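Here is the structure we will look at, set down as structure tokens.
The values are calculated or read from the model by the stated rules, or taken from the named source; none is laboratory data. Just so you know, these numbers come straight off a predicted model, no measurement behind them. Reconstructed Cβ throughout: ideal geometry from the backbone, glycine too, with neighbour counts over all protein chains shown. Ligands, DNA and RNA are stripped out before the accessible areas are found, and what is left, the full protein with its side chains, is counted by its heavy atoms. Shrake-Rupley method; radii C 1.70, N 1.55, O 1.52, S 1.80 Å.
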Amino acid sequence: MLALLSLPALAVMAALLFVPVAWLVALSFIDEHGSVTIANYSRLLADGSLFKSMTLTVQLALVVTLICAVVGYTLAYAITLMPRWLQTISLALVALPFWTSALVRTYAWLVLLQRKGVINKILVGSDLVSEPLHLVHNLVGTMIGMVHIMLPFMVFPLYAAMQRIDADLMRASLGLGASVFYTFRRVYLSQSLPSLAAGIILVFVLSLGFYITPAILGGGRVMVIAMIIERDVNLHLNWGPASAIAVLFLLSVLGLFAIVGRFLSVERIFQGRA
């Protein structure tokens with residue numbers, strides 16, 4: 001009976017997930033002449049620039065995720081300490097970027113960060129720097145734009161979890177002689193850890209597929225994997241290599257998650273014996 005009840009959900013998953021992935025895998029074995037071949041994978045594995053782009057994409061996603069985790073955890077905790085009316089205003093400000101598209105926000109950062117932009121004018125005018133800083137068309141500008149877009153995805157699950165943590169548990173731990181750091185690690189962090197892990201996974205996965213922000217703020221110098229796929233499809237009209245790139249990247253990310261899940265136990269780190 002339970003199996004029958006799950007059939008609609010399985011059908012939706014098959015239509016939205018399994019069928020497109022299977023179609024993508026099938027396209028990766030088709031060359032420009034319509035023949036079945038593994039030449040797409042052979043060329044990609046021999047192309048060193050593809051490996052560099054994959055590495056850059058993963059490194060960029062990791063740095064953005066780390067920054068969002070630190071800033072998001074701090075911000076979410078600070079919001080929980082505010083009065084109720086100020087919490088509402090703060091959450092509205094965090095959600096405010098969702099009201100505009102990622103393209104508009106990215107161009108806004110381009111205006112702010114360029115050599116004659118607002119930020120450089122303030123820095124030069126206040127004599128903090130002697131000449132304008134290079135904040136766009138590089139990794140710095142790309143990371144700034146991505147962190148701004150991804151930060152709400154980290155703050156909201158953390159805030160929801162922190163709201164449910166009983167403050168009396170912290171006071172009880174401190175009253176029994178535990179240090180502040182030990183109390184935070186064993187009481188507060190352990191209860192907010194599942195939401196932190198969910199936010200990390202969400203931000204990391206979304207960061208892997210970024211295209212607009214690296215294309216605009218990176219200025220063509222930050223070649224993430226999504227830009228290479230777009231180039232093969234739109235410029236070369238070649239779906240085979242683009243599909244092969246997507247499949248290889250998907251397998252690499254799944255392998256990365258498998259390695260992390262196998263050798264990194266969060267419970268072992270944060271919930272060791274007292």
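Pairs, please: C-beta under 7 Å, at least 6 apart or cross-chain, first residue at pLDDT 95 or above and in the range 150-178, second part of a helix (DSSP H, G or I) and exposed (fewer than 12 other Cβ atoms within 10 Å of the Cβ)? As it stands, the answer is none, since no pair meets every condition given. For the range 104-136, filtered to residues that are open to solvent by 40 Å² or more (accessible area, probe 1.4 Å) and among the charged types (D, E, K, R), the residue that is nearest to the chain's Cα centre (by Cα) is R115. Could we say that R164 is within 27 Å of the chain's Cα centre (by Cα), among the basic types (K, R) and open to solvent by 60 Å² or more (accessible area, probe 1.4 Å) here? Considered against the rule, which asks whether it is within 27 Å of the chain's Cα centre (by Cα), among the basic types (K, R) and open to solvent by 60 Å² or more (accessible area, probe 1.4 Å), R164 comes out as yes. Summed over the range 23-52, residues that are on the phi < 0 side of the Ramachandran plot and open to solvent by less than 60 Å² (accessible area, probe 1.4 Å) total 15.
Selection of the range 22-59 for residues being aliphatic (A, V, I, L, M) and assigned to a helix (DSSP H, G or I) yields A22, L24, V25, A26, L27, A39, L44, L45, L50, M54, L56, V58. Of the residues making up the range 181-213, just one is open to solvent by 60 Å² or more (accessible area, probe 1.4 Å), without any contact (Cβ under 8 Å) to a residue 24 or more places away in the chain and in contact with a helix residue (DSSP H, G or I) (Cβ under 7 Å, 6 or more places away or on another chain), namely Y211. Condition (residue is surrounded by fewer than 17 Cβ atoms within 10 Å (Cβ to Cβ) and not charged (D, E, K, R)) applied to the range 215-224: is it met by at least one residue? Checking the range 215-224: at least one residue is surrounded by fewer than 17 Cβ atoms within 10 Å (Cβ to Cβ) and not charged (D, E, K, R). The condition of being free of Cβ contacts under 8 Å to residues at least 60 places away in the same chain and open to solvent by 70 Å² or more (accessible area, probe 1.4 Å) holds for only one of T55, T88, T100, that being T88.
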